[in-house]
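Below: the structure, in structure tokens.
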Amino acid sequence: MDPKKSFVHPYIPNSVPEVKEMMLREVGVKDADELYEDIPEELRMKRELRLPRPLLSELELKRHVERILAKNTSCEELVSFLGGGCAQHYVPALCDEISHRAEFLTAYAGEPYEDAGRFQALFEYESLMAEILDFDVVNVPTYDWGQAASTSIRMAGRITKRPKVLVADTLSPDRLAVIRNYCQPVLEIELVGHDPKTGLLRLDDLRSRLTPDVAAVYFENPSYLGFIETQGQDIADLAHAKGSLSVVGVDPISLGVLKPPSQYGADIACGDIQGLGNHMYFGGALGGFIATRDEEKFVMEYPSRLFGIARTAAEGEWGFGDVAYSRTSFDGREKGKEFVGTAAALYGISAAVYLSLMGPQGMRDLGRHILQKSRYAVKRLTEIAGVGLRFESSPFKEFVLDFSKTGKSVAEINRSLLAHGLFGGKDLTGEFAELRNCALYCVTEMVTQADIDRLVAALKECLKAGGGER
Amino acid sequence: MKIPKDSRLRNFHQAKWDEEVIFELSNKGERGILVPEAEPEIQAVVGDGISSLPPNMVRAAPPALPEIGQMRVLKHFLRLSQENLGADLNIDVGQGTCTVKYNPKINEVLASSKKASALHPCQDESTVQGALQIMYELDCFFREISGLDRFTLQCSSGSHAILTMASIVRKHHEMRGEGGRRDEIITTIFSHPSDAAAAAVKGYKIITIYHQPDGLPDIEALKEAVSNRTAGLFITNPEDTGIYNPRIAEFTRIVHQAGGLCGYDQANANGILGITRAREAGFDMCFFNLHKTFGTPHGCGGPASAALGVTSELVEYLPVPLVEYDGTRYFLNYDLPKSIGKVRSFYGAFPVILKAYAWIMSLGGRGLKEVAQVAVLNNNYLLKKITAIKGAASPFKTGKHRIEQVRYSWEDLYKETGITTHQIACRMADFGFHLWSSHHPFIVPQPFSVEPTESYSKAELDEYLDGLRHVAEEARKEPETVMNAPHRSVVHKIDESTFDNPTKWAVTWRAYLKKRGRPPK
């Protein structure tokens, strides 16, 4: 690019030299540099930023980015058995249609008048989530499950005014790291053990740790390791008896068939909406929800936006707006509850479309379908010599396979599966000391029986090959 | 009020569908989408699945979701979208501090690729080299743009980056044995509320520096505030007033001398790209909001992303993993023993990251500077014209230039007519405009915040100015029209009285039904 040549960029209409001249004159300066009079000379850049040559034409830009993206191999091209907090579920065409609408995509922070649509759509998101969670309050989405769990725990800390939280030790290390950082130094996190056979929370360990300084017990259902925690009510009863709260993380896609946490004593539920009409995006399209009963002591502790419904000056007209805005940091800065800002609203709108399409029957059908598929996969996979199911508890869509009797490492097995066009389960080696040579498999509606049978055949072939690193 | 012939104002009316709440559309038995049945052999082998669940965990009553045919669901949400005014449709300069600019459609096309959307975060690294390359190169771009040494793309928003900076500050002082003593973060009143709020989440006491009559933060107050309890300074520059603090390097020096770290809130850096950098101003950390300065859409409030950068001394505290490149392959590096851990699951908001990468690639170094200069020119053009409107003013440093935005005041108009900035904003909606007041507290009385960015043509800026002029004039001539606005937007004046009343507020439809009963059909 000739630096002397004028530079008119399609994204910058007033880069046209004549227009710029006219505006500079209007403002009363000769040069745009004069507008920066407040920036001291020694802080000014004396050279142009050293960035790659710009791809000024849209065509060149498209070619360039597509060439880079072509280096990726997606789960549409291969078959994926990966889960662990992000999973491939079917995204209905309507979800993409709506979330790509310019009116939603490019809106931000308009008033409930000219932006009535987003207020209503997100109110409906809250309302639809409330039905599957069987709770009366749900927030406008936060970043992800990790943030939702962290905030739920901090809410519990403020409600009980206690300094410690007990967390099931079967959480993913990824999520636990988020929670730990978010709570430190205000809340102490203590882990509660699990039964090595079932994975279920050890109630005796919970009992011994439930001291009067415990704000809440946090566990997930289905757990990161896939099994369904059946003792939810017992955990809640134990917690409540000591004045603690029960906080439960949940995969909302399971709630067509599984009981929601509110029905086994949870005070706060949280989780992620990625699976509800949002693509995986390399783990980048997450959205966290928090849900509670409609009690002032809970509602006033949410940091998030809560959109409520109201009437307007016109008969029969619905309007929407912020409920209890004064609790937010927008209103009170550091005196607000935690902080609020841009998070994951558009994914909430996709989730609203998803749940509206699915309806009660769709959620039940999907839950059943996933249960059938995952059970079939467990059955076929554990028929392979040396491959075992690590926990005997009932799974939902994920389960842990133990390969330690096969003589091969998970890394080695997954390399071999990749050559067969399969993404094998997530390697848990290194995540949990007791799960060396174990892998977390995820089976959703996206895999067919033929895919599972292919996985079984590929595993058999790989394991037959013998040898291997340990 | 009649619109004069030479005005650019439109005879606008927003789409108004009087659309039902989605639950009101339910008809028992209707289906929006069907789920495939598992293959017959699977059903034969494992049965219905549900009966294999632990009995105490089976959901008894199905969730009371609405039952609606597919086309009606589509129509419902399309209508809601029409009742929303995205930046693609309006001249979205009235949301100061937020840098609402053009979000190129090509970037949406690129991000819709299955090669981006259908990637699982735990795929073998060999199958995500493209994704990692984009993250790595974007890190390198930001190093150059800021002068700092390393970036993480894990933060999900500007506020989230502030939380992460506070986490790094805490870790830094803990490693030096001063974690307990250094318990104060200093910020300024014209920095974003999250600079105070997100730092407080990490247990910090917040000291807020106010401004002097010229609008600049009071350096004497800073000198008094720093001590051996100072953990750090979180500050924007230019602040929400659009005034660049020329003594910023002195600010960072004062805090460094007291032993604190300096974090630069560059959520909005649109006016100074290629003009001045965090490094030269003495900052240890800075962050950029990709959904503001770097051209990615705001999505009604996310997904978003902030790139957080640090000097080499602080790299070891960044959240894991970092994306590395060894000359032949890109990989994720978890080997940072002193890391604060994680602030988000996986690696960051990848679709946002990808769009910001494409945006920078379309502009290059010279283009970024052009963005900044035109944004600043547009802002100063508006400044001149808005302050010429009777009743509008730009408090502080009158007559001087501003960087990318200005916090104006309708105080004079309010004194004259009793019309508030909120009422003016409601009336602006009648012409297809959005106008925002300001964060709380309202330091500037009757505030409004305008930031034109580089995206709007002079003709569009003139149209917006006509809107402001017209409504200000109306406030004098027919104040009722302004007080009762909006008239041609989606809904009429909302009865906000229920929103702070626990017995009446309703955050969900089921809560509304419980409290207020089923509305008549």
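The values are calculated or read from the model by the stated rules, or taken from the named source; none is laboratory data. This is a predicted model, so every value here is computed, not measured. No Cβ is skipped: glycine too gets one built from the backbone with ideal geometry, and neighbour counts run over all protein chains shown.
Among all positions in segment B:290-302, there is no residue which is more than 11 Å from chain A (Cβ to nearest Cβ), under 20 Å from B:Ile185 (Cβ atoms) and either among the hydrophobic types (A, V, I, L, M, F, W, C) or crowded, with 24+ Cβ neighbours inside 10 Å (or both). For segment B:205-227, the set of residues classified as outside any helix (DSSP H, G or I) and within 16 Å of B:Asp183 (Cα to Cα) consists of B:Lys205, B:Ile206, B:Ile207, B:Thr208, B:Val226, B:Ser227, listed by residue number. Filtered by the rule that a residue be without any contact (Cβ under 8 Å) to a residue 24 or more places away in the chain, part of a loop (DSSP other than H, G, I, E, B) and within 7 Å of chain B (Cβ to nearest Cβ), segment A:49-61 gives A:Leu49, A:Arg50, A:Leu51, A:Pro52, A:Leu55. Just one of the listed residues (A:Ala377, A:Ala344) is more than 7 Å from chain B (Cβ to nearest Cβ), hydrophobic (A, V, I, L, M, F, W, C) and either in contact with an Asp or Glu (Cβ under 6 Å, 6 or more places away or on another chain) or closer than 30 Å to A:Phe399 by Cβ (or both), and it is A:Ala377.
Filtering B:Ala475, B:Ala459 for residues that are assigned to a helix (DSSP H, G or I), among the aliphatic types (A, V, I, L, M) and under 29 Å from the mean Cα position of the chain (by Cα) leaves a single hit, B:Ala459.
Is there a residue in segment B:352-368 that is in contact with a helix residue (DSSP H, G or I) (Cβ under 9 Å, 6 or more places away or on another chain) and within 23 Å of B:Asp240 (Cα to Cα)? Yes. Summed over segment B:53-67, the residues that are at the interface with chain A (Cβ under 7 Å from one of its Cβ atoms), assigned to a loop (DSSP other than H, G, I, E, B) and aliphatic (A, V, I, L, M) give a count of 3. Determine if segment A:88-108 includes at least one residue that is in contact with a strand residue (DSSP E or B) (Cβ under 8 Å, 6 or more places away or on another chain), buried (at least 21 other Cβ atoms within 10 Å of the Cβ) and more than 16 Å from B:Gln82 (Cα to Cα). Scanning segment A:88-108, I find at least one residue that is in contact with a strand residue (DSSP E or B) (Cβ under 8 Å, 6 or more places away or on another chain), buried (at least 21 other Cβ atoms within 10 Å of the Cβ) and more than 16 Å from B:Gln82 (Cα to Cα), so the answer is yes. Quickly run through segment A:260-299 and pick out the residues that are among the charged types (D, E, K, R) and surrounded by fewer than 24 Cβ atoms within 10 Å (Cβ to Cβ). Listed by number, the residues that qualify are A:Arg293, A:Asp294, A:Glu295, A:Glu296, A:Lys297. Out of B:Ile106, B:Ile134, B:Ile145, B:Ile91, report the one residue that is more than 9 Å from chain A (Cβ to nearest Cβ), among the β-branched types (Val, Ile, Thr) and either farther than 30 Å from B:Gly29 by Cβ or without any contact (Cβ under 8 Å) to a residue 24 or more places away in the chain (or both). That would be B:Ile91, the only listed residue that is more than 9 Å from chain A (Cβ to nearest Cβ), among the β-branched types (Val, Ile, Thr) and either farther than 30 Å from B:Gly29 by Cβ or without any contact (Cβ under 8 Å) to a residue 24 or more places away in the chain (or both). Scoring A:Val8 on the criteria (1) more than 7 Å from chain B (Cβ to nearest Cβ); (2) crowded, with 18+ Cβ neighbours inside 10 Å leaves a single failure, condition (2). The single condition among (1) part of a helix (DSSP H, G or I); (2) of a type outside the set (Asp, Glu); (3) surrounded by 24 or more Cβ atoms within 10 Å (Cβ to Cβ) that B:Val343 does not satisfy is (1). Condition first: buried (at least 19 other Cβ atoms within 10 Å of the Cβ), of a type in the set (Val, Ile, Thr) and in contact (Cβ under 8 Å) with a residue 60 or more places away in the chain. Can you find one or more residues in segment A:355-373 that meet it? Taking every residue of segment A:355-373 in turn, at least one turns out to be buried (at least 19 other Cβ atoms within 10 Å of the Cβ), of a type in the set (Val, Ile, Thr) and in contact (Cβ under 8 Å) with a residue 60 or more places away in the chain. Scanning segment B:109-127 for residues that are within 7 Å of chain A (Cβ to nearest Cβ) and touching a residue at least 40 places away in the same chain (Cβ under 8 Å), we see that the one that is surrounded by the most Cβ atoms within 10 Å (Cβ to Cβ) is B:Leu119. Considering only residues in segment B:143-173 that are over 13 Å from B:Tyr264 (Cα atoms) and under 19 Å from the mean Cα position of the chain (by Cα), the one that is surrounded by the most Cβ atoms within 10 Å (Cβ to Cβ) turns out to be B:Ser156. Identify the residue in segment A:325-339 that is within 7 Å of another protein chain (Cβ to nearest Cβ) and in contact (Cβ under 8 Å) with a residue 24 or more places away in the chain and, among all such residues, is surrounded by the most Cβ atoms within 10 Å (Cβ to Cβ). If we take residues in segment A:325-339 being within 7 Å of another protein chain (Cβ to nearest Cβ) and in contact (Cβ under 8 Å) with a residue 24 or more places away in the chain, then A:Phe339 is surrounded by the most Cβ atoms within 10 Å (Cβ to Cβ). For B:Gly86, the criteria (1) in contact with a strand residue (DSSP E or B) (Cβ under 7 Å, 6 or more places away or on another chain); (2) modelled with pLDDT under 95 hold in every case but one, which is (1).
In the set (1) under 29 Å from A:Ala236 (Cα atoms); (2) assigned to a helix (DSSP H, G or I), the condition left unmet by A:Val167 is number (2).
For first residues located in segment B:350-371 and of a type outside the set (A, V, I, L, M, F, W, C), partners that are part of a helix (DSSP H, G or I) and lie 6+ apart or on another chain with Cβ distances below 6 Å form the pairs B:Pro351/A:Tyr281; B:Pro351/B:Ala111; B:Lys355/B:Asn107; B:Lys355/B:Ala111; B:Tyr357/B:Ile134; B:Tyr357/B:Leu138; B:Ser362/A:Leu61; B:Glu370/A:Ser15. Can you find a residue in segment A:29-47 that is within 7 Å of chain B (Cβ to nearest Cβ), loosely packed, with under 13 Cβ neighbours inside 10 Å and either touching a strand residue (DSSP E or B) at 6+ places or on another chain (Cβ under 9 Å) or under 30 Å from B:Leu354 (Cα atoms) (or both)? No. For segment A:324-342, filtering for residues that are of a type in the set (Asp, Glu) and more than 24 Å from the chain's Cα centre (by Cα) leaves 2.
Return the only residue of A:Asp331, A:Asp365 being modelled with pLDDT of 95 or more, assigned to a helix (DSSP H, G or I) and acidic (Asp, Glu). Checking each option against the conditions leaves just A:Asp365. Could you check, for segment B:68-83, whether at least one of its residues is at the interface with another protein chain (Cβ under 7 Å from one of its Cβ atoms), touching a residue at least 12 places away in the same chain (Cβ under 8 Å), of a type outside the set (S, T, N, Q) and within 30 Å of B:Asp462 (Cα to Cα)? Yes, some residue in segment B:68-83 is at the interface with another protein chain (Cβ under 7 Å from one of its Cβ atoms), touching a residue at least 12 places away in the same chain (Cβ under 8 Å), of a type outside the set (S, T, N, Q) and within 30 Å of B:Asp462 (Cα to Cα).
Applying the condition of being over 24 Å from A:Tyr441 (Cβ atoms) and hydrophobic (A, V, I, L, M, F, W, C) to segment A:222-239 and asking which residue is surrounded by the fewest Cβ atoms within 10 Å (Cβ to Cβ) yields A:Leu238. Filtering segment B:247-265 to residues that are surrounded by fewer than 24 Cβ atoms within 10 Å (Cβ to Cβ) and in contact with a Pro (Cβ under 8 Å, 6 or more places away or on another chain) leaves only B:Ala249.
Considering A:Ala156, A:Ala177, A:Ala215, A:Ala148, the condition of being assigned to a strand (DSSP E or B) and modelled with pLDDT of 95 or more is satisfied by A:Ala215 alone. Looking across A:Asp136, A:Asp169, one residue alone is more than 7 Å from every other protein chain (Cβ to nearest Cβ), among the charged types (D, E, K, R), more than 16 Å from the chain's Cα centre (by Cα) and under 28 Å from A:Leu258 (Cα atoms). It is A:Asp169.
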